[in-house]
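Step one of this worksheet: look at the structure below.
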Amino acid sequence: MLYRIIFKLVFSRMDAEQAHHLVMFAIRFAGAIGLTKLAKLRPSASASVQAFGLHFDAPFGLAAGFDKNAVAIKALGELGFSHVEIGTVTAIAQGGNEKPRLFRLIPDRALVNRMGFNNQGAEVIANRLELLREKHGTKLPVIGVNIGKSKIVDVELAHEDYRQSARLLAPHADYLAVNVSSPNTPGLRSLQSVKALEPILTAVLEEAKGTPVLVKIAPDLANEDIAAVADLALDLGLAGVIATNTTISRDNLKTSRSKVEAAGAGGLSGAPLKQRSLEVLRLLNARMNGRAAIVSVGGIETPAEAAERIANGATLVQGYTGWIYQGPLWARKINKHFSKK
């Protein structure tokens, strides 16, 4: 209740990206003084998950996009996320798209973003992860590193760009997530076709040297293309598929058309993705039949919804946008639900 009042009076009146930076500062500060430790859940055998050779204290983690530069991983873990997927990280540092580039659709509990993979680059972030592990060791949550294509690199050379990121980051990641599904980098989604995707995944696997590799797909893929990506993931021996990224659809929104149009292009995340994300999960589960992991993300807001994804074949679940609307103890609440079983 207190957070909803703060959101209404403070955050909802701020530029969305400025609010994000304010929250990130608060999380980092709270972590530095030990305040986030007060929210930390005790590990529970009933909640733990074993997936692609890794141990997760609970199934629910933070999706990529929040901690782009790996600056708050320990504090985020203490706030209840069993794993933190940082990034998206590109081989070449980039500032992203012009501002404003992040918008709230409050009636829909959704966000529209066209951030454009703003990040400090693979080399800087690899060094940061190395120092973080030296300092905190086993006190960290599972760390996933989401990698994407540098904007200035031609699509035809994407596999070498991803290769460079994987080479730098795999030694410091618990798993790598290959992002070919953001709508905010020109030409990126064309890489989801099996013909274009195979050389990228092959390059990443060669550099991963045993670090689990997953691929993240868009909800806007046709069902037959989802099946084709699932088959490719199995053929190449990927650890799994992350489904789904943001959508370019603007169907059935409660927010006024004028406000949606004012937000403009970009990926829509949050509650409106719920139905399609669940559909994609079911399609993947039927196709893969337990032969690789599925990480379900998109529209999850409640413990019951997270549990529904597990019941429909998800190995792990992730969220991000729901946190903006539910408050700082959201992840703790969801993972605590699994601890009670």
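General observations
- Applying the criterion of at least 1 residues that are touching a residue at least 24 places away in the same chain (Cβ under 8 Å) and closer than 14 Å to residue 80 by Cβ to the strands (runs of 3 or more DSSP E) found wholly in region 252-341 leaves 316-319.
- Residues of region 1-34 classified as open to solvent by 40 Å² or more (accessible area, probe 1.4 Å), part of a helix (DSSP H, G or I), of a type in the set (Val, Ile, Thr) and under 18 Å from residue 79 (Cβ atoms), total: 2
- Annotation: of all residues in region 251-270 being in contact with a helix residue (DSSP H, G or I) (Cβ under 6 Å, 6 or more places away or on another chain) and farther than 18 Å from residue 189 by Cα, the one that is most open to solvent (accessible area, probe 1.4 Å) is 254.
Here is a yes/no grid of residues against (1) more than 24 Å from residue 30 (Cβ to Cβ); (2) surrounded by 17 or more Cβ atoms within 10 Å (Cβ to Cβ); (3) of a type in the set (S, T, N, Q); (4) free of Cβ contacts under 8 Å to residues at least 24 places away in the same chain:
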| residue | (1), (2), (3), (4) |
| --- | --- |
| 43 | no, no, no, yes |
| 63 | no, yes, no, no |
| 88 | yes, yes, yes, no |
| 94 | yes, yes, yes, no |
| 101 | yes, yes, no, no |
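- Residue 59 fulfils the conditions (1) open to solvent by less than 20 Å² (accessible area, probe 1.4 Å); (2) farther than 25 Å from residue 299 by Cβ except for a single criterion, (2).
- The residues listed here are 127, 146; of these, the one that is over 20 Å from the mean Cα position of the chain (by Cα) and over 25 Å from residue 250 (Cα atoms) is 127.
- Checking each residue in region 284-302 for being crowded, with 17+ Cβ neighbours inside 10 Å and within 25 Å of residue 335 (Cα to Cα) picks out 284, 285, 292, 293, 294, 295, 296, 297, 298, 299, 300, 301.
- The requirement of being under 26 Å from residue 56 (Cβ atoms) and either without any contact (Cβ under 8 Å) to a residue 24 or more places away in the chain or not basic (Lys, Arg) (or both) is fulfilled nowhere in region 183-195; no residue meets it.
- Qualifying residue in region 150-168 (condition: outside any helix (DSSP H, G or I), in contact (Cβ under 8 Å) with a residue 12 or more places away in the chain, within 16 Å of the chain's Cα centre (by Cα) and crowded, with 19+ Cβ neighbours inside 10 Å): no
- Just one of the listed residues (127, 146) is closer than 23 Å to residue 82 by Cα, open to solvent by 20 Å² or more (accessible area, probe 1.4 Å) and either part of a strand (DSSP E or B) or modelled with pLDDT of 95 or more (or both), namely 127.
- Here residue 96 fulfils each of the conditions (1) in contact with a helix residue (DSSP H, G or I) (Cβ under 6 Å, 6 or more places away or on another chain); (2) modelled with pLDDT of 95 or more apart from (1).
The values are calculated or read from the model by the stated rules, or taken from the named source; none is laboratory data. Quick caveat, the model's predicted, so the values are computed rather than measured. A quick note on method: Cβ atoms are made from the backbone with ideal geometry, for glycine too, and the neighbour counts reach across all protein chains shown. These area figures cover heavy atoms from the full protein model, side chains too; ligands, DNA and RNA do not enter into them. Shrake-Rupley method; radii C 1.70, N 1.55, O 1.52, S 1.80 Å.
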